[in-house]
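The values are calculated or read from the model by the stated rules, or taken from the named source; none is laboratory data. Every value quoted in this text rests on a predicted model; they were computed, and no experiment measured them. Virtual Cβ from ideal backbone geometry, glycine too; neighbours counted across all protein chains shown. Accessible surface is based on the protein model in full, side chains and every heavy atom, while ligands, DNA and RNA are left aside. Shrake-Rupley method; radii C 1.70, N 1.55, O 1.52, S 1.80 Å.
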Amino acid sequence: IPLQASGGGLVQPRGYLRLSCAASGRAFSIYNMGWFRQAPGKEREFVSGISWDGVRTSYVDSVKGRFTISRDNANNTVYLQVNNLKPEDTAVYYCAADRSPLGIRVRDREYDYWGQGTLVTVSS
């Protein structure tokens, strides 16, 4: 399924953003969704995931309590609310879709579809 991420930008430390990922097609609601990020010079890492029904969520430890993932299946969109941003959160953020029934997975190679990424820069 085509995915389009948006909502990135330049924000000061302790600021916030809302990232969105819009999907095309009627099959969105069957996919578990994930957000990953890749900082300059680093490997892409799992940030957060949400089950197809929105019931289960998962977060990497470094963002727990600051980031919140949610989804709106009626509008084929998944969100990542990012609060209390830190300079180390600077990265390109990607959304991804996983059609496996095995639950929320954290390895990027297990995801089937990817958006193009949206850049988040945290700097004063």
Checklist entry - Could you give the distance between the Cα centres of region 1-26 and region 78-124, to the whole Å? => result 9 Å
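Report relative contact order for the chain in percent, whole number only (criteria: Cα-Cα under 8 Å, sequence separation at least 6). Before the final figure, lay out the partial values.
Details: 312 pairs, mean separation 45.9, N = 124.
Relative contact order here is 37 percent.
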Next on the checklist: If R₀ is 30 angstrom, what is the calculated FRET efficiency for the pair Leu10 and Leu102, using the beta carbon separation as r and rounding to 0.05?
Outcome noted: 0.20
Checklist entry - On full extension of the chain, what length is gained from Asp53 through Ser70, given 0.36 nm per residue of separation minus the C-alpha to C-alpha distance? => result 5.1 nm
Item to check | In Hz, Karplus ³J(HN,Hα) per residue of region 38-48 (6.51, -1.76, 1.60; θ = phi - 60°; x = Gly, Pro) | outcome: 9, 8, x, x, 10, 6, 5, 10, 5, 10, 7
Next on the checklist: How large a share of the accessible area of the chain, in percent, is made up of carbon and sulfur atoms when the probe is 1.4 Å and the other protein chains stay in place?
Outcome noted: 48 percent
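Find the accessible area per residue for the chain; the probe is 1.4 Å, ligands and nucleic acids are left out, and the unit is Å². Write down the numbers at each step before the final one.
Values: 6520 Å² over 124 residues.
Using a 1.4 Å probe on heavy atoms only, each residue of the chain averages 53 Å².
Tell me the trypsin sites (Lys or Arg not before Pro) within region 24-124 that lie in a loop according to DSSP and have at most 12 other beta-carbon atoms within 10 Å. Before the final figure, lay out each step's value.
On the way: sites: Arg26, Arg37, Lys42, Arg44, Arg56, Lys64, Arg66, Arg71, Arg99, Arg105, Arg107, Arg109; in loops: Arg26, Lys42, Arg44, Arg56, Lys64, Arg66, Arg99, Arg105, Arg107.
Passing both the DSSP loop test and the Cβ count: Arg26, Lys42, Arg56, Lys64, Arg107.
So how strong a dipole does the chain carry about its Cα centre when Lys and Arg Cβ are +1 and Asp and Glu Cβ are -1, to the nearest 20 debye? Walk me through the numbers before you get to the answer.
Working: 15 positive and 11 negative charges, 28 e Å.
It comes to approximately 140 debye.
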